[in-house]
Every structure is written in C-alpha cells, then in structure tokens.
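Worksheet: one structure, shown below.
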Amino acid sequence: MPVINFLSQIAKMFDAELTILHISNYAFLKELEILLFDTFHKDIIQSISYSKISFRMLRDCEITEGLNRFCMDHKVDLLVI
C-alpha cells in the first residue's frame, strides 16, 4: 500500500479528499468481490492515518465508462490509476 500512503501524504498537504474507487463488472462472484473490497478497506484504514479517505464500490459493465461517469459526477480533479 505504498502508493496509497504516498497519495495520502500529498492529499494531506492540500487538505484534499482521497477517494479509493473500485469499479466492478462482477467478473468474479459478487460476494467474493465485496469480501475482497471490505478486506482491502479494513487494511487501508488500519495502515493509513488520514481522515479524508473514502471508499466507493460501483458496478458498471464498462470500467472506462464507469470511471468517466464517476469523475464527471464528482468533479474529480485528479485520477490516479
């Protein structure tokens, strides 16, 4: 999780919100994806101390379209993949 730690340090400097987004097309079993996302979420919360981190999981058949829609709907300033 060094990348998320690095991004949280940058976000702190600007008092910015950091959203971790997972877009799923449920290529895996839905329950498995949710379990993996929840486990990832808990690991991040335990290892990163930044209060402005949020987690989102969205479903979209087209990952690129889901990313574009999220960025437009939430007025995202920076997208890191």
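Some notes on this structure:
- Any chance residue 20 is among the aliphatic types (A, V, I, L, M), at negative phi and touching a strand residue (DSSP E or B) at 6+ places or on another chain (Cβ under 7 Å): yes
- Region 53-74: number of residues that are in contact with a helix residue (DSSP H, G or I) (Cβ under 7 Å, 6 or more places away or on another chain) and charged (D, E, K, R): 1
- Per the conditions (1) open to solvent by less than 60 Å² (accessible area, probe 1.4 Å); (2) part of a helix (DSSP H, G or I), the sole criterion not satisfied by residue 50 is (2).
- Residue list for region 61-75, filter: touching a residue at least 24 places away in the same chain (Cβ under 8 Å) and surrounded by 12 or more Cβ atoms within 10 Å (Cβ to Cβ): 63, 66, 67, 70, 74
- Being hydroxyl-bearing (Ser, Thr, Tyr) and assigned to a helix (DSSP H, G or I) is a property that holds for residue 64.
- Out of 79, 58, one residue alone is loosely packed, with under 14 Cβ neighbours inside 10 Å and touching a His at 6+ places or on another chain (Cβ under 9 Å). It is 58.
The values are calculated or read from the model by the stated rules, or taken from the named source; none is laboratory data. Given the structure is predicted, the values throughout are model-derived calculations rather than measurements. Every residue, glycine among them, receives a Cβ derived from its backbone with ideal geometry; neighbour counts consider all protein chains shown. Side chains included, ligands, DNA and RNA excluded: accessible areas come from the protein's heavy atoms. Shrake-Rupley method; radii C 1.70, N 1.55, O 1.52, S 1.80 Å.
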